[in-house]
Amino acid sequence: MNEITVIKCETVGKGKIRVSFDTGLSCLLYRGEMKSLDICEGGMIDALTYQRMIEEVLCKRARRRAMHLLEQMDRTEAQLRDKLKAGEYPKECIDDAVMYVAKYHYIDDERYAANYVRNAQSKKSRMRIRQDLMQKGVAKETIEAALEEEYVSDEENQIRELLTKRKFDYKTADEKEFRRTYSFLLRRGFKANDILRVMKYEEPYYLT
């Protein structure tokens, strides 16, 4: 690969240009970066300039972006990758940025999962926490280890506390209120039998 052709340059706002190359790469560059690299639509750059753009411009910026995202809030590796991908960074720059922050433990899925279980268990069931962490891209074995280590809640007590907060009284609840409360607890991931037992109901006719 001696020379690379710049196929298209498209303004996307805030001084950013989406630059497409005949290598298949498409990335975002600032006007100043394009000028320093002598990149323009229809022009050509040599392989060394192309590699310098990736390593010295895009990868360095991806690292800074990753650090900024993690300063805002703790994230899983999958969440961080999704954010960087949305910023149109090349895959090799995303990989480099993730390796960089992981090296200094700025990102750690085991820590994230443990903290999530610890903080969420007063409001959510074990099943719901497992589902949440899976959606956040945490590996199954990491989730199970965190649940085993951190989850200590009594789910029936959790249900009682949630019913108290909602001021639910099984003696006066009508069908509409029962259904609404029952569905709310199901969405939290609690088991139907546990919910009904705490709500002091045998399964009502309108749930059969």
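So if I check each of 53, 67, 44, which one is surrounded by 12 or more Cβ atoms within 10 Å (Cβ to Cβ) and over 23 Å from residue 95 (Cα atoms)? Give the steps one after another, and end with the answer.
Details: 53 fails: over 23 Å from residue 95 (Cα atoms); 67 fails: over 23 Å from residue 95 (Cα atoms).
Of the residues listed, the single one that is surrounded by 12 or more Cβ atoms within 10 Å (Cβ to Cβ) and over 23 Å from residue 95 (Cα atoms) is 44.
Within the range 1-52, track down each residue that is in a loop (DSSP other than H, G, I, E, B) and within 33 Å of the chain's Cα centre (by Cα). Spell out how you get there, then give the answer.
In the first step, residues of the range 1-52 are kept if they are in a loop (DSSP other than H, G, I, E, B); the result is 1-2, 14-15, 22-25, 38-43.
Across the range 1-52, the qualifying residues are 14, 15, 22, 23, 24, 25.
Pull up the range 142-185, narrow it to residues that are farther than 20 Å from residue 120 by Cβ and among the acidic types (Asp, Glu), then point me to the one that is farthest from the chain's Cα centre (by Cα).
The selected residue is 174.
Suppose the filter is more than 24 Å from residue 141 (Cβ to Cβ) and surrounded by fewer than 18 Cβ atoms within 10 Å (Cβ to Cβ); does residue 88 pass it? So that I can check it myself, show each step before the final result.
Details: more than 24 Å from residue 141 (Cβ to Cβ): yes; surrounded by fewer than 18 Cβ atoms within 10 Å (Cβ to Cβ): yes.
Yes, satisfied.
So residue 132 ticks every box in (1) over 30 Å from residue 107 (Cβ atoms); (2) buried (at least 16 other Cβ atoms within 10 Å of the Cβ); (3) among the acidic types (Asp, Glu) but one. Which box is left unticked?
With respect to (1) over 30 Å from residue 107 (Cβ atoms); (2) buried (at least 16 other Cβ atoms within 10 Å of the Cβ); (3) among the acidic types (Asp, Glu), residue 132 is out only on (1).
Residues 164, 142: which one is modelled with pLDDT under 90 and β-branched (Val, Ile, Thr)? Before the answer, list the steps.
Values: 142 fails: modelled with pLDDT under 90.
Criteria check complete, one pass: 164.
State the number of residues belonging to the range 115-129 that are in a helix (DSSP H, G or I) and surrounded by fewer than 19 Cβ atoms within 10 Å (Cβ to Cβ).
The total comes to 7.
Answer yes if at least one residue in the range 187-198 is surrounded by fewer than 14 Cβ atoms within 10 Å (Cβ to Cβ), within 30 Å of residue 77 (Cβ to Cβ) and either under 22 Å from the mean Cα position of the chain (by Cα) or not assigned by TED's automatic domain parsing to the domain that holds residue 79 (or both), and no otherwise.
Residues of the range 187-198 surrounded by fewer than 14 Cβ atoms within 10 Å (Cβ to Cβ): 187, 192-193, 197.
So of that shortlist, the ones also within 30 Å of residue 77 (Cβ to Cβ) come out as 187.
Cutting the leftovers down to either under 22 Å from the mean Cα position of the chain (by Cα) or not assigned by TED's automatic domain parsing to the domain that holds residue 79 (or both) gives us 187.
Yes; the residues of the range 187-198 include at least one that is surrounded by fewer than 14 Cβ atoms within 10 Å (Cβ to Cβ), within 30 Å of residue 77 (Cβ to Cβ) and either under 22 Å from the mean Cα position of the chain (by Cα) or not assigned by TED's automatic domain parsing to the domain that holds residue 79 (or both).
Filter the range 120-141 down to residues that are in contact (Cβ under 8 Å) with a residue 40 or more places away in the chain and more than 19 Å from the chain's Cα centre (by Cα) and give me whichever is nearest to residue 76 (Cα to Cα).
126
Listed residues 160, 111; which is farther than 23 Å from residue 73 by Cα and free of Cβ contacts under 8 Å to residues at least 40 places away in the same chain?
Numbers: 111 fails: farther than 23 Å from residue 73 by Cα.
Criteria check complete, one pass: 160.
Going by the conditions given, is residue 7 crowded, with 18+ Cβ neighbours inside 10 Å and outside the structural domain of residue 146 (by TED's automatic domain parsing)?
Details: crowded, with 18+ Cβ neighbours inside 10 Å: no; outside the structural domain of residue 146 (by TED's automatic domain parsing): yes.
Here the answer is no, as residue 7 does not meet what is asked.
So, in the range 95-108, of the ones that are free of Cβ contacts under 8 Å to residues at least 12 places away in the same chain and surrounded by 15 or more Cβ atoms within 10 Å (Cβ to Cβ), which residue ends up farthest from residue 76 (Cα to Cα)? Spell out how you get there, then give the answer.
Filtering the range 95-108 for residues free of Cβ contacts under 8 Å to residues at least 12 places away in the same chain gives 95, 99, 103-105, 108.
With the extra rule that they be surrounded by 15 or more Cβ atoms within 10 Å (Cβ to Cβ), the set shrinks to 95, 108.
Working: 95: 14, 108: 7 Å.
Per the criteria, the residue is 95.
Does residue 74 count as within 19 Å of residue 97 (Cα to Cα), among the acidic types (Asp, Glu) and outside any helix (DSSP H, G or I)?
Working: within 19 Å of residue 97 (Cα to Cα): yes; among the acidic types (Asp, Glu): yes; outside any helix (DSSP H, G or I): yes.
Spelling it out, residue 74 is indeed within 19 Å of residue 97 (Cα to Cα), among the acidic types (Asp, Glu) and outside any helix (DSSP H, G or I).
The values are calculated or read from the model by the stated rules, or taken from the named source; none is laboratory data. Source: prediction; values computed, not measured. Virtual Cβ from ideal backbone geometry, glycine too; neighbours counted across all protein chains shown.
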